[in-house]
Amino acid sequence: MKGAISSILCAVVLAGLVTATAVAEEVSITIVSPADGAVIETASIPIETRFVRGTAGDHLHIYLDGKFAKTTKRETMILWDVRDGERTIEVRAASREKDEKGVEHKELGINASVKVLVRAKEGKRASGSAGVVR
């Protein structure tokens with residue numbers, strides 16, 4: 001009898017792990033462009049992603065060099081006025097869960113990032129701006 005109960009408990013635990021993994025795998029992000037290591041000759045960087053929302057994903061959080069830039073539901077966007085140098089673009093999947101306090105943004109731990117080298121001409125960009133997403 002103990003063996004049968006142990007087998008049932010193991011099956012239930014394993015089924016729970018498989019279900020949790022399957023839900024997490026439903027959400028995915030890929031940065032299609034720019035490619036990792038790309039050299040960008042302009043201060044405006046077009047970004048194209050593939051975002052599979054699954055059951056949990058609702059929107060994306062965009063970061064430039066570790067600083068939050070924008071929340072969006074779009075898979076394409078442009079980073080404007082990006083300074084010259086090596087830059088890291090990160091896209092994070094997020095959900096919009098309502099609780100008793102209202103709407104909350106929750107990052108799901110599913111991220112994608114690329115590093116690019118920006119070599120924009122000084123006269124073609126606004127000075128002093130780290131980057132703007134539109």
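Taking 0.36 nm per residue of separation and subtracting the current Cα-Cα distance, fully stretching the chain between E48 and S33 would add 4.9 nm. Stretched out straight at 0.36 nm per residue, the stretch from K73 to E26 would grow longer than its current Cα-Cα span by 15.2 nm.
Throughout, read-outs are computed from the coordinates displayed, never taken from laboratory work. It should be emphasised that the depicted structure is a prediction, and the values quoted were computed from it without experimental measurement.
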